[in-house]
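Q: Quick one: the structure is below, and I'll ask about it shortly.
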Amino acid sequence: MKKLAILIIMALFAFSVGKAQTEIADRGKMKEPKREIKSSRIPLKKLEGTTVSERAMNHFGEDFPKATDAKWERSGSFDQVTFSSGDQKMTAYYDSDDNLVGSTTPKSLKDLPAKGRQEIKAKYGDYSVGPVIYFDDNARIDTDMILWASQFDDENMYFAELNKGNSKIIIKITPSGEVSFFKQLQ
């Protein structure tokens, strides 16, 4: 009987020590500082030659079946096509694998989310607003986009050119209205 009692006490002791060690280990994990994961940009593949890919042209016909007045050019990492869709002018960008990266559409200040317009007025009230564009990302592929010679993450975004004297900057505005600096032009 004594042996059974000692065995039960030892089992309970072992269980409580194991549980305490697990709790201490778990607390240690919670106190450990979180590490930021930084993604490294993969350089976009530069297209060779001056001839626009026939496959990109075919994909364009599938992506924008009602497009008219298409004008193609190869520039840097993209085959790009400027066209009309209804009464709207647009530009679409195709990568080295002939996939649609996204398209841009001219917009105006009034097209921006109200929160974004308010933030622009508060932060950049002494600037005049120039051209505004909307970049519509193709979420099916991961290729980043380049605008104003700057690569950025693939996501839907408004861009606005702001002018003050000889200074020109580009800001980006999310569809939810968050405003941030993108690039200094002059």
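Just so it is clear, none of the values below were taken in a lab; they were calculated from the coordinates. Values in this document were obtained by computation on a predicted structure and should not be read as measured data. Neighbour counts run over all protein chains shown; Cβ positions are idealised from the backbone, glycine included.
Q: If you check residue 173 against the conditions, is it of a type in the set (A, V, I, L, M) and surrounded by 16 or more Cβ atoms within 10 Å (Cβ to Cβ)?
A: Yes.
Q: Can you tell me which residue is farthest from residue 98 (Cα to Cα) among those in the range 152-186 that are not in a strand (DSSP E or B) and not polar (S, T, N, Q)?
A: 165
Q: Here's another thing I want to ask about it. Counting only residues that are within 14 Å of residue 96 (Cβ to Cβ), assigned to a helix (DSSP H, G or I) and among the hydrophobic types (A, V, I, L, M, F, W, C), how many does the range 52-81 have?
A: The qualifying residues number 1.
Q: Can I ask one more? What is the residue count in the range 93-151 for residues that are more than 15 Å from residue 81 (Cα to Cα), in a loop (DSSP other than H, G, I, E, B) and more than 16 Å from the chain's Cα centre (by Cα)?
A: Count: 8.
Q: State yes or no: is residue 134 in contact with a Ser or Thr (Cβ under 9 Å, 6 or more places away or on another chain) and within 26 Å of residue 46 (Cα to Cα)?
A: When the stated conditions are applied, residue 134 passes them.
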